[in-house]
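In what follows, a structure is listed as structure tokens, so that the remarks can point back to it.
The values are calculated or read from the model by the stated rules, or taken from the named source; none is laboratory data. Being a predicted model, the structure only gives us computed values, none of them experimental. FYI the Cβ positions are ideal-geometry reconstructions off the backbone, even for glycines, and counts take in every protein chain you see.
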Amino acid sequence: MVSQCNATEYTFKLRKGVTFHDGSAFSADDVIWSMNRHLGKDSPSPIKAFFASVVEWKKIDSHTVKLTLSSPDADMPIKLTQFQAKIVKKDTTDFSKGAGTGPYLVESFQPGVKSVHVRNPNYWRDTGQYLDAIEITAITDPNARLNALLAGDVDMMTVLNAKSIKQVEKTDGVEVMSVPAGLYGGICCLKNTMPGQDDDFVMGMRMIQDREKIVRSFLKGHGQVGNDHPISPAYGADHCHELPQRTYDPGKAKWHLNKSGISSAELFVAPVQGGIEETCLLMQQNLKKIGFDLKLKKVPTDGYWGAVWMKEPLNVVTWNMRPTANAMMSIQFGPGVTGMTPSGTVIEWANC
């Protein structure tokens, strides 16, 4: 890759000899077609805000592409690593086949059930294919997922509830891997409808949460206190260490909620992340102490992201870390974001 010093033009040299899983050659035409799908006001792409400054994707030759931007963006090459920015074959209409260029082919795919991937015999790299096949099983219930691991039905799992860590550590042949990360969970309030349109309601809910207790009791120390924004210390210099930490203050929370005139609300809860259900119960208990009635409506994770999240006024959320702070802010709060932030405005309470 070659870029101008002002970060408005990038020239990408594509690897030669790469083929898609159906045997067709990978070229600049595929890159340009795939990238242009994210552009335009009618694009449903959840990352189209990343490409708001794109002027043109231009083919120089069969394996060279030039990107021109209207304003500097040093993060652009990193943004292109997002999973939504994958390159697909030009003019693809059936995306269920999963014809990529990676080390494993899709042998079968049952949405919400499992997918089976087998070694790609034509992969361009000589290393990286250490397994003959990979089977990914969707187990949405956290207890069932843990039981499958402990019984040896699966070789690994993600999203281990903190309260189960000691149980796993005591099991022979199983290891817990824990590293600092930018993943966070919390309670999401839509700002384009009530009660989230009332700023005092939002502030009251922020100040009623005992974040220290969440990390200490529910996450068993495997986490950091959030501060109502998505840029955690994991983002390094982009994290604002000088920003005052919002703390548990039931007195101020009560003042703001009384000022809002709102005395009850309903929060939709699904086990999208370890500790999130306990977090919501704690909020409910703390609110009850100051005379506010928070009703918790438990819903399954199956279908949650399409049917509940960003549709119900109060819901829970979990976000994986993005490669840069700019990318994280763009995908959550960028202008014209589709499927992420109605009206471009959402407030997240990052409680853990």
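A few remarks follow.
- Taking the stretch 186-213 as the range and being small (Gly, Ala, Ser) and either modelled with pLDDT under 90 or over 22 Å from Val225 (Cα atoms) (or both) as the test, the residues that pass are Gly186, Gly196.
- Annotation: of all residues in the stretch 62-88 being closer than 24 Å to Met321 by Cβ and of a type in the set (Val, Ile, Thr), the one that is nearest to the chain's Cα centre (by Cα) is Thr81.
Residue by residue, here is whether (1) of a type in the set (Gly, Ala, Ser); (2) in contact with a Ser or Thr (Cβ under 8 Å, 6 or more places away or on another chain); (3) in contact (Cβ under 8 Å) with a residue 40 or more places away in the chain; (4) more than 18 Å from Pro195 (Cα to Cα) holds:
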| site | (1), (2), (3), (4) |
| --- | --- |
| Phe218 | no, yes, yes, yes |
| Ala234 | yes, no, yes, yes |
| His239 | no, yes, yes, yes |
| Pro250 | no, no, yes, yes |
| Leu281 | no, no, no, yes |
| Asn286 | no, no, yes, yes |
| Pro313 | no, yes, yes, no |
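Residues are listed down the side, and each one gets a yes or a no for (1) of a type in the set (Gly, Ala, Ser); (2) in a loop (DSSP other than H, G, I, E, B); (3) modelled with pLDDT of 95 or more:
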site: Ile231; (1), (2), (3): no, yes, no
site: Glu242; (1), (2), (3): no, yes, no
site: Lys252; (1), (2), (3): no, no, yes
site: Ile262; (1), (2), (3): no, yes, yes
site: Leu267; (1), (2), (3): no, no, yes
site: Thr279; (1), (2), (3): no, no, no
site: Asp302; (1), (2), (3): no, yes, no
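- In the stretch 6-60, of all residues being exposed (fewer than 12 other Cβ atoms within 10 Å of the Cβ) and either assigned by TED's automatic domain parsing to the domain that holds Pro121 or among the charged types (D, E, K, R) (or both), the one that is nearest to Pro121 (Cα to Cα) corresponds to Asp22.
- Condition met for Lys86 (closer than 24 Å to Lys16 by Cβ, surrounded by fewer than 19 Cβ atoms within 10 Å (Cβ to Cβ) and touching a Gly at 6+ places or on another chain (Cβ under 9 Å)): yes
- Scanning the stretch 140-180 for residues that are under 14 Å from Gly274 (Cα atoms) and among the β-branched types (Val, Ile, Thr) turns up Thr140, Thr158, Val159, Ile165.
- Out of His222, His239, His256, sole residue that is over 28 Å from Pro46 (Cβ atoms), within 21 Å of the chain's Cα centre (by Cα), not assigned by TED's automatic domain parsing to the domain that holds Leu160 and not acidic (Asp, Glu): His222
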